[in-house]
Every structure is written in C-alpha cells, then in structure tokens.
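Just below is one structure, and these are the notes that go with it.
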Amino acid sequence: MNAKLILSACLALLLAGFPAAAQSSARPAADAAGYSVYQSWSDMDKATNAKYATAVRVSGDAGSTGFWFFGAEQFDVSNRYVIAMTVPFKNRNVTKDDVAGIGYFDLQRSNHWTKIGTTTAWNWQQGCRLQWRLNSDEIAWNDRASDNSHFITRLYNFKTKTTRTLPRPIYHISPDGKLATSEDFQRIAWAGCNYVGIPDPGADQNTPAGTGIWIVDMDTGASQLILSLEKLARVTTPAGWPAAFGKLYIFRSDWNPTGSRFITYLKSTAGKFGSKAYSLKPDGTDLRFFYDEPSHYGWRDDQTLVEGKGWCTVNDDGSGQKHNLPGDAKLNPDVTWIGPDWILADCYPTPENYQYVYLFHVPTGSFIPIAKMKNTAPGGTFRVDFHVRPSRNGRLVCWDASVSGGRQMYLADMSYILDHPPVAQN
C-alpha cells in the first residue's frame with residue numbers, strides 16, 4: 001500500500017471518531033521545514049533538542065495583559081489587529097471596583113496599543129468575554145451598568161469609533177454575528193470564573209425558573225430565556241434535583257461552526273452532579289445529551305468536537321461516546337481546529353512547570369511543538385493558562401503566558417509548519 005492510501009485511511013479513521021490504531025511514522029516534508037515531529041505527547045515532553053518557533057511578546061511587562069480564554073475571535077479579519085484586556089495587578093481576587101482596560105494591538109505598527117474602553121465585569125479565567133463580532137466591524141465585551149443594577153454588553157465599532165450597549169452580557173457570538181448565548185455570570189461558582197459586584201437574584205434557589213440559557217439579538221439587544229435551569233434540572237435528573245447537588249448553573253455555551261446548534265456546559269456547586277454537556281438549537285428545542293465531564297472542547301464541524309480532557313472526539317449524536325485520539329495528549333489541552341488536518345493545542349503546567357503550544361497533525365498523528373515556556377504563576381484561581389487562539393487565516397497563534405513573571409501575550413507564526421506538513425512513511 002502506498003503512502004497516499006495510508007494517509008487517507010488514517011484520516012478516515014480519525015475523523016469518524018474511532019479509536020486510533022498504531023500510526024505510521026512521520027517526518028517533515030523536507031529537512032528544511034525547520035520543526036520537530038513526535039508521535040506522542042510524552043515524546044514531545046521528554047525531548048531535549050526540539051525546534052521551536054520564534055515567539056514574540058506582543059504586550060508590555062506591567063500588570064496583566066491577555067485575551068484570557070479561547071474559542072472566540074481575537075484577530076480582526078485582516079489578521080493585523082489583536083484585541084486584549086489589561087489589568088494593573090495580579091494574584092489577588094477581583095473586587096467590584098477593579099477596572100480593566102480594553103483595546104487592541106496593531107501588529108504592523110510595532111504592536112502599538114489603542115485603548116477603546118473599560119470594564120468592571122471580568123474574572124481571572126475567562127476575562128470579560130472579549131471577542132470580535134463576525135460579519136461586522138464591532139468588538140464586544142461584557143461590563144457592568146453604570147447604576148450597578150445588571151451586567152451588559154458593550155460594542156465598539158472599529159471603523160466609526162462609536163460605542164453602543166446591549167442590556168445583557170454575552171458568552172459566545174454566533175458565526176453569522178446575529179445572535180449570542182448568554183448566562184448569569186454572577187451565579188457561576190467555579191473559582192475565578194464569576195463576575196463580582198451584583199448579587200445572584202436566584203442565590204437561594206438550586207434550580208430557578210427565572211434564569212438559565214439566554215439568546216441575545218446582537219442588533220437589537222432583545223433577549224429570550226430559551227431554557228431555564230428548572231427545565232434543565234428536570235432533564236438531567238428526572239427523579240428530582242437532589243438538594244445535595246446544590247445550585248445548578250450554566251458554565252459555557254458555544255456555537256457549532258454554522259450556528260445550527262450550540263453546546264452548553266452545566267455544573268453544580270456540590271454533590272456528585274459533576275459536569276455535563278448538552279446540545280440544542282438556538283430556539284431551545286431539540287435538547288440532547290452530549291457527554292459527561294466536558295472541559296476544554298473545540299468544534300471540528302457541526303457533528304463532532306474534540307475534547308482536551310481525555311484527548312478524544314465526541315459526536316453530537318446523543319450517545320455520549322468518546323473516541324480516543326492517538327498520542328495521548330496530557331494535561332487537558334485547550335483545542336481549536338484549523339481546517340480538517342490540524343488541532344492547535346496547549347497544556348496545563350507539567351511537573352517540571354513548563355507549558356507547551358503545539359500542533360497536532362491529524363493525518364499522521366504527529367505532535368509538533370511551537371513553544372515551551374516556564375510557568376511562574378500560582379495554581380488555582382490566579383493561574384495563567386495559555387488558551388491558544390489562531391488568527392482568522394490560521395497562520396498565526398496567540399497565547400497568554402506567565403514566563404516573564406506576570407500574564408503577558410505572545411505570538412508566533414505557524415506558516416512554515418502548515419505549508420510543509422509531516423508526511424507518513426511506509
């Protein structure tokens with residue numbers, strides 16, 4: 001069997017979600033490709049002579065600067081401007097009076113910073129849900145209303161330099177830019193992921209009927225509660241929600257690539273509920289179980305995503321079955337697909353306290369390191385996860401790191417890898 005047939009067979013198995021068989025060895029397409037290739041995550045981690053990309057620090061050296069999470073667009077359509085949030089301190093809890101700056105770096109003007117606004121609705125692990133609104137010139141982020149009554153969304157028009165507001169905060173904007181998922185961020189109990197300053201109106205209820213998953217019209221600001229926590233509790237625990245589970249809440253809700261459905265990630269404050277993922281349509285119908293214990297996921301297409309926790313694919317078919325990917329990637333990588341052949345990923349700190357940015361080449365099951373950096377941040381609430389984000393064209397990767405002693409933002413070019421992918425050997 002020739003190499004082309006081997007590649008096709010391996011790709012078919014992986015994309016179908018089946019457990020991977022032994023993968024063929026791989027090497028760069030040419031010696032001049034200038035990168036290292038490994039057949040497992042552990043081999044990449046043990047390597048002492050790996051080649052890495054040139055990483056450039058985009059931000060300065062004071063306070064904390066970054067994008068804070070992944071799965072939303074950080075780059076503009078030209079791949080020239082990257083949006084970010086800046087905070088003048090590190091390693092302490094956020095208070096209601098802490099103001100963060102919102103702006104963008106110009107990659108073609110020596111990373112010049114332009115401030116466009118501020119926010120008092122942010123946390124250490126997911127920031128303020130800063131993101132470009134696709135199919136528009138707007139940048140969106142969450143903030144607190146001036147009268148301190150509720151959380152809102154601010155939108156800055158990059159061309160007109162004007163700002164408008166929507167009456168609810170958002171989580172993730174749909175691919176067409178028309179809708180956004182929304183939740184009550186003050187209800188989130190996971191450390192470092194809630195917004196402070198406004199109390200949870202349903203704090204005395206485990207499964208309130210007045211909140212849950214919301215959908216926001218990004219043009220008008222109109223919002224609709226499409227699925228309440230009360231209804232979700234009845235679906236997840238048909239025999240009744242045990243008091244031992246504590247409060248149910250929405251943690252994340254992310255659209256699939258066409259916006260036909262989205263995944264919602266549920267957690268509770270106590271007991272053995274754990275974490276559960278469901279998928280549904282934008283109107284709240286056709287709710288179905290996705291899988292148990294979601295964590296760092298990224299959609300490949302409308303039917304399948306890859307889950308970093310356990311390094312597997314999961315199909316949106318209600319089965320909840322997880323299909324292992326080859327190479328046994330460790331430490332719960334954040335994952336983003338770049339086309340059908342590449343997964344961009346990272347990891348929590350290793351026992352030696354290093355973090356990686358790397359590419360996984362699906363057809364050959366190859367791990368290609370891009371960066372390895374020392375972690376200087378504490379664990380827990382104030383940790384600094386890389387949360388890797390590709391540019392719109394998939395050629396650049398941006399991430400947050402603590403190697404300088406505080407959270408700052410870094411950038412590397414992946415073009416030389418993407419243009420010269422590994423090839424399988426007979």
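For the stretch 53-62, the set of residues classified as surrounded by fewer than 17 Cβ atoms within 10 Å (Cβ to Cβ), in a loop (DSSP other than H, G, I, E, B) and in contact with a Phe, Trp or Tyr (Cβ under 9 Å, 6 or more places away or on another chain) consists of Gly60 only. Counting just the residues of the stretch 238-289 that are among the β-branched types (Val, Ile, Thr) and closer than 23 Å to Val216 by Cβ, which one comes out most open to solvent (accessible area, probe 1.4 Å)? Among those residues, the one meeting the criterion is Thr258.
Looking across the stretch 403-426, the residues that are over 24 Å from Asn79 (Cα atoms) and either of a type in the set (A, V, I, L, M) or crowded, with 16+ Cβ neighbours inside 10 Å (or both) come down to Val403, Gly406, Pro422, Val423, Ala424. What about Thr376, is it assigned to a loop (DSSP other than H, G, I, E, B) and closer than 24 Å to Asn93 by Cα? Judged against the criteria, Thr376 is a match. Pairing residues of the stretch 236-259 that are free of Cβ contacts under 8 Å to residues at least 40 places away in the same chain with residues that are β-branched (Val, Ile, Thr), at Cβ distances under 8 Å and at least 6 apart in sequence or on separate chains, gives Trp241/Thr207; Phe245/Thr237; Phe245/Thr269. From the list Trp122, Trp113, Trp68, Trp132, the one residue that fits, being in contact with an Asp or Glu (Cβ under 9 Å, 6 or more places away or on another chain) and either closer than 14 Å to His387 by Cβ or surrounded by fewer than 16 Cβ atoms within 10 Å (Cβ to Cβ) (or both), is Trp68. The residue pairs whose first member lies in the stretch 262-284 and is free of Cβ contacts under 8 Å to residues at least 60 places away in the same chain and within 11 Å of Ile213 (Cβ to Cβ), whose second member is β-branched (Val, Ile, Thr) and surrounded by 15 or more Cβ atoms within 10 Å (Cβ to Cβ), and whose beta carbons are closer than 6 Å, counting only pairs six or more residues apart or on different chains, are Tyr278/Thr264.
Give, as residue ranges, the strands (runs of 3 or more DSSP E) completely inside the stretch 245-351 that count at least 1 residues that are in contact with a helix residue (DSSP H, G or I) (Cβ under 9 Å, 6 or more places away or on another chain).
In the stretch 245-351, the matching strands (runs of 3 or more DSSP E) lie at 248-255, 262-268, 275-280, 288-292, 304-307, 312-315, 322-324, 335-338, 342-346.
Within the bounds of the stretch 382-390, is there any residue that is outside any strand (DSSP E or B), acidic (Asp, Glu) and either surrounded by fewer than 20 Cβ atoms within 10 Å (Cβ to Cβ) or touching a helix residue (DSSP H, G or I) at 6+ places or on another chain (Cβ under 9 Å) (or both)? For the stretch 382-390, residues outside any strand (DSSP E or B), acidic (Asp, Glu) and either surrounded by fewer than 20 Cβ atoms within 10 Å (Cβ to Cβ) or touching a helix residue (DSSP H, G or I) at 6+ places or on another chain (Cβ under 9 Å) (or both): absent.
Would you check if there is a residue in the stretch 365-379 being surrounded by 20 or more Cβ atoms within 10 Å (Cβ to Cβ) and either modelled with pLDDT under 95 or out of contact with any strand residue (DSSP E or B) (no Cβ under 7 Å at 6 or more places or on another chain) (or both)? Yes, that holds for at least one residue. The sole residue among Ile139, Ile173, Ile116 that is closer than 30 Å to Ser268 by Cβ, in contact with a strand residue (DSSP E or B) (Cβ under 7 Å, 6 or more places away or on another chain) and not small (Gly, Ala, Ser) is Ile173.
The values are calculated or read from the model by the stated rules, or taken from the named source; none is laboratory data. Note that the coordinates shown come from a computational prediction; the quantities given were computed from them, not determined experimentally. Here Cβ is always computed from backbone atoms with ideal geometry, including for glycine, and neighbour counts include all displayed protein chains. Accessible surface is based on the protein model in full, side chains and every heavy atom, while ligands, DNA and RNA are left aside. Shrake-Rupley method; radii C 1.70, N 1.55, O 1.52, S 1.80 Å.
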